[in-house]
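Since the structure comes first, as structure tokens, the remarks are kept for the end.
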Amino acid sequence: MTVQSYYRSLALLMLASVSHGAWAESNLPTVDIGLRTRWETATVDKDDAHALTAKARLTVNYRFLEQFDTMLEIDHVATANDDQHSDGVVLTDKPTIADPEGTEINQAFIRTEWQDNTITLGRQKITYSDERFIGNVGFRQNDQTYDAIQSERYILEGSQLHIAYIHNVNRIFGDDADRDLDKDDLRYDALNGSRPAALLGNHHIDGWLVHLTLKEWDYLEFNTYGYSIHNYHVSNFSNQTVGFEGHFQRKFGQVKIESGAELAYQQQPDHNNDRVHYQRISGSLTTQGFTLGLRHELLTENNGTAFITPLATLHRFQGWADQFLVTPSVGLRDNSVNIKWRARPWTVDIRHHWFTSDAGSVDIGQEWNVDLIFKPKRKHEVKLRYADFNHASEQTIKSVDVEKVFLMYSYNI
């Protein structure tokens with residue numbers, strides 16, 4: 001039985017238990033819906049792509065015993081103009097906008113809770129901290145979820161210990177991105193009809209995650225973590241990473257100050273002698289709805305091996321033009337400034353990035369990001385997002401300019 005067949009069977013069993021339990025005990029499940037429509041354009045070296053996509057979500061939660069509940073979440077993604085872009089599954093002569101059509105079981109799990117412990121078994125979202133290392137890529141229409149078992153335990157006064165084992169990563173390309181390329185795919189002949197492993201919709205892994213969040217102080221939070229990932233499909237995605245993060249936040253009258261620092265070390269099995277590290281320093285000041293933030297992020301390299309974060313929510317970091325979803329072999333330094341204004345229901349967020357390599361400090365380029373957000377109610381949001389990456393001359397790390405525009409409406413997502 002395939003992983004996909006297993007989870008479809010689990011979903012049917014969960015629906016059967018919901019129906020039986022609701023009839024037997026009049027304990028009805030809760031049903032929720034979500035919707036997100038998006039118009040996205042991408043201009044890559046003056047070549048344009050357009051995508052109009054819609055995502056519909058059905059979520060069913062059911063508590064069948066005091067300490068047990070289940071959840072089933074199904075997503076359907078549709079597109080109106082698949083001939084005007086590559087969708088991440090089939091490559092055409094247009095730039096890629098990675099929102100393929102399809103219907104997926106996004107989450108399907110059984111959860112038990114007792115005292116200060118929670119255990120979740122099945123397909124689920126797993127996110128830690130700011131999703132720099134482990135995330136669900138929630139910006140794309142198809143989430144990244146995990147077939148896993150996860151334990152969460154509250155300890156001390158306000159701290160949490162998470163331990164998870166992951167068997168499979170359900171990636172944003174979906175189940176249709178299997179090993180066989182479509183015959184209309186431009187890569188079909190050159191690759192003998194076989195999809196590159198890095199672009200498969202499912203990655204089988206042995207992944208152990210340990211994440212400890214310490215919240216025992218008024219103004220301080222600490223996170224420490226260890227992740228061991230063995231990827232059977234793409235060995236270059238395998239890594240062992242340990243790290244520590246600290247965050248300070250305090251308000252002085254009308255002024256709120258935040259600062260953070262993070263340091264992580266990583267070893268990759270294919271490069272046992274080339275240990276690399278990650279570091280981040282950030283700070284911000286907020287007053288009367290305005291925020292000024294500064295951020296420095298470094299992913300180092302060693303002998304051509306660069307620090308990687310293959311399970312992160314990568315769109316959130318290093319610019320919304322998505323030019324560094326894979327860390328360059330020369331490493332990457334990202335210095336950025338952020339100015340934000342918020343007055344409900346409006347938010348304006350402006351960012352500027354300066355990118356250089358770790359090896360040789362080569363100027364790679366700069367990027368502007370702008371968000372205009374209107375959120376009249378908790379479940380409704382309209383967002384206009386703009387990203388403009390301009391590559392630096394006399395370097396080959398990134399050799400094209402990229403401009404992207406996103407216009408989206410979300411309900412309950």
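The table below lists the values:
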{"read-out": "In sequence order, calculated HN-Hα J values of region 400-413 (Karplus, 6.51, -1.76, 1.60; Hz; x Gly/Pro)", "value": "10, 8, 9, 10, 9, 10, 10, 10, 9, 10, 10, 10, 6, 10"}
{"read-out": "Local electrostatic count at Glu301 - Lys and Arg +1, Asp and Glu -1, tallied over other residues with Cβ under 9 Å", "value": "-2"}
{"read-out": "Residue exposure sequence - Met408, Met71 - by fewest surrounding Cβ within 10 Å", "value": "Met408, Met71"}
{"read-out": "Cleavage-rule hits, GluC sites (Glu not before Pro), region 368-407, DSSP coil, Cβ neighbours within 10 Å at most 14", "value": "Glu394"}
{"read-out": "Exposed trypsin sites (Lys or Arg not before Pro) absent: longest stretch of the chain, with sites in DSSP loops and at most 13 other Cβ within 10 Å deemed exposed", "value": "184-377"}
{"read-out": "Qualifying aspartates and glutamates (Cα of each under 14 Å from Cα of Lys379; at least 8 residues distant if same chain)", "value": "Asp32"}
{"read-out": "Extreme residue, positive dipole direction of region 286-363, given options Ala321, Gly331, Ala359 (C-beta unit charges)", "value": "Ala321"}
{"read-out": "Rounded to the nearest 20 debye, dipole of the chain from Cβ charges on Lys, Arg, Asp, Glu", "value": "1320 debye"}
{"read-out": "Kirkwood Rh and Cα Rg combined as Rg/Rh, region 131-184", "value": "1.16"}
{"read-out": "Value of [θ]222 nm, deg cm²/dmol, for the chain, DSSP H segments ≥ 4, -39500 (n - 2.57) each, nearest 500", "value": "-2000 deg cm²/dmol"}
{"read-out": "Net charge of neighbours whose Cβ lies under 11 Å from the Cβ of Pro29, counting Lys and Arg as +1 and Asp and Glu as -1", "value": "-1"}
{"read-out": "Counted charge near Asn192, where neighbours are those whose Cβ lies closer than 14 Å (Asp, Glu -1; Lys, Arg +1)", "value": "0"}
{"read-out": "Spatial separation of Cα centroids for region 44-93 and region 304-329, in angstrom", "value": "22 Å"}
{"read-out": "Residues whose placed amide H lies under 5 Å from that of Ile155, excluding near-sequence neighbours", "value": "Gln160, Leu161"}
{"read-out": "Mean projection area, nm², convex hull over Cα of region 1-237", "value": "16.1 nm²"}
{"read-out": "Sequence-distant residues sharing a close amide H with Val362 (under 5 Å, placed H)", "value": "Ser357"}
{"read-out": "Above-threshold pairs, the threshold being 21 Å between Cα atoms, out of Lys383/Lys404; Lys46/Lys94; Lys125/Lys256; Lys125/Lys404", "value": "Lys125/Lys256; Lys125/Lys404"}
{"read-out": "³J(HN,Hα) computed for each position of region 196-204 - Karplus, 6.51 cos²θ - 1.76 cosθ + 1.60, integer Hz, glycine/proline x", "value": "x, 4, 5, 10, 5, x, 10, 10, 7"}
{"read-out": "DSSP loop chymotrypsin sites (Phe, Trp or Tyr not before Pro) with at most 14 other Cβ within 10 Å excluded, longest remaining stretch of the chain", "value": "1-216"}
{"read-out": "Loop GluC sites (Glu not before Pro), region 82-182 (other Cβ atoms within 10 Å of the site Cβ: 15 or fewer; DSSP)", "value": "Glu157"}
{"read-out": "Answer label for Cα Rg over 2.2 N^0.38 Å (calculated), chosen among [x] 1.73; [y] 1.01; [z] 0.93", "value": "[y]"}
{"read-out": "3J(HN,Hα) from dihedral phi, region 110-115, Karplus parametrisation 6.51/-1.76/1.60, rounded to Hz, x for glycine, proline", "value": "10, 10, 10, 10, 8, 6"}
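Quick note: the coordinates plus some simple rules give every number you see, no bench work behind them. Treat the numbers as computed from the prediction; the structure is a model and nothing was measured. Here the Cβ is made from the backbone with ideal geometry for all residues, glycine too, and neighbour counts use every protein chain on show.
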